[in-house]
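Encoded as C-alpha cells, the structure appears first; notes follow it.
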Amino acid sequence: MSSLALRLHIPSVVSVRNTKLLGPSVSDCGRNWSGLPKSKSRRGNGLCCKAELSELAPAVSAGYGVLLLGGGLFAYSKSGSKGSLFGGLTGSVLMASAYFLTKSPETRVLGDTIGLGAAFLFSSVFGFRLASSRKPVPAGPLLLLSIAMLSFFVMAYMHDSLPVPVSVSDALPLP
C-alpha cells in the first residue's frame, strides 16, 4: 500500500540509541538537522517523525478549533462582537466533530469532509471580511491560517478517500 507520509526533522538532544523508547514512527532517518547525509561526527543527531495525514488530522482539527474558539472569545471580550462569538463557537463545534470523526478509521472520510467544509467556510468569511474592511489585521492572518487548514483537509480527504492501488500481481488474469 502506498501512503503519503510527512517527514518532520526535529533536532534533538536525545541520542540515537534512545529512539527505540519513542516508538516505531520515530527514527533518525539517516540525516542530521540540515538534511544532509550524516557524517561520522557525533554532532547533528536528529529525530524524524513519519506521520501520515490521517494520523495528523485529529490534532490539526483540535488545534484549529481551539484557535477559532479563542479568537471568537477574544473578539467578543474586546469589542462585544456577537458575530465573532457565534463564529468561534460554530467553528469549534465543527472542528470538535471533525476531531472525533477522524479518530475512527470508519468515519475518517466524513471527519475530513467536515473539516474541509469548515475551513472553506472560514476562508470565505475571512476573505470577505478582508475585502470589505481593507484592514489586514485580524482578517489577513486568519485568512492565511484558514487557507492552510483548507489545503491540509483537501490533502487528508484525498488521501483517505482514494482507493488503494492494486498491484499487477493482485489483478485478475486475462483469459
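The values are calculated or read from the model by the stated rules, or taken from the named source; none is laboratory data. Bear in mind that the values here come from a model prediction, so they are computed numbers and not experimental data. Accessible surface areas use protein heavy atoms only, side chains included; no ligands, DNA or RNA. Shrake-Rupley method; radii C 1.70, N 1.55, O 1.52, S 1.80 Å.
Close amide H contacts of S81 (hydrogens built in the peptide plane, cut-off under 5 Å, sequence separation of 5 or more or a different chain): Y76. Along its first, second and third principal axes, ordered by size, region 105-161 spans 43, 13, 12 Å in Cα coordinates.
Amide H to amide H distances under 5 Å link E52 with L6, where only residues 5 or more positions off or on other chains count and H is placed in the peptide plane. With semi-axes defined as the square roots of five times the eigenvalues of the C-alpha gyration tensor, the equivalent ellipsoid of region 53-103 measures 25, 9, 5 Å, largest first. What region 53-103 shows is 53 Å² of accessible area per residue, with the surface traced by a 1.4 Å probe over protein heavy atoms.
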